[in-house]
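Asks: I'd like to ask you about the structure that follows.
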Amino acid sequence: MSELRNAPFSGYDVISYINTKFSILVSSGTVYSLLYSLERNGLVEGVWVEKKRTYKLTEKGEKTIATILNAHEKIECFMSNLLKA
C-alpha cells in the first residue's frame, strides 16, 4: 500500500487502484478486512471524511514500507550475485 503515501485512500479507491493496475477485481470484504487489520497494527490511520472512511499511512507504516523496500533491494542484489557466480 505504498500508494497511500501520495494521498488518503478509501476502500473503494483501493479496489479501483488494484483493478486498474492489475486487472483483478477484489471483494470489498477482503479490502476492508485488510485495512482494518492495518489500522489495528498502527500502520494506517482511518478518519471519517463526510460519509466515507479514508486511510493514510502512519509514521510506523512509512517505516515498515521503507524496511520492506530495502529488504527487497537486498534480496534482488543477492539473487543477482548468486546467479552470476
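Asks: Hey, can you tell me all the residues within the range 1-53 that are assigned to a helix (DSSP H, G or I) and among the charged types (D, E, K, R)?
Replies: Selection gives Glu3, Arg5, Asp13, Lys21, Glu39, Arg40.
Asks: Could you check, for the range 62-85, whether at least one of its residues is touching a Gly at 6+ places or on another chain (Cβ under 9 Å), touching a residue at least 12 places away in the same chain (Cβ under 8 Å) and surrounded by 14 or more Cβ atoms within 10 Å (Cβ to Cβ)?
Replies: Looking for residues that are touching a Gly at 6+ places or on another chain (Cβ under 9 Å), touching a residue at least 12 places away in the same chain (Cβ under 8 Å) and surrounded by 14 or more Cβ atoms within 10 Å (Cβ to Cβ), one finds none in the range 62-85, hence no.
Asks: Here are the criteria: (1) surrounded by 10 or more Cβ atoms within 10 Å (Cβ to Cβ); (2) outside any strand (DSSP E or B). Tell me which single one Lys56 does not satisfy.
Replies: Failed condition: (2).
Asks: Determine whether Thr58 is of a type in the set (S, T, N, Q) and in contact with a Pro (Cβ under 6 Å, 6 or more places away or on another chain).
Replies: no
Every read-out reported here was derived from the displayed coordinates using simple, explicitly stated rules and does not represent laboratory data. Given the structure is predicted, the values throughout are model-derived calculations rather than measurements. Here the Cβ is made from the backbone with ideal geometry for all residues, glycine too, and neighbour counts use every protein chain on show.
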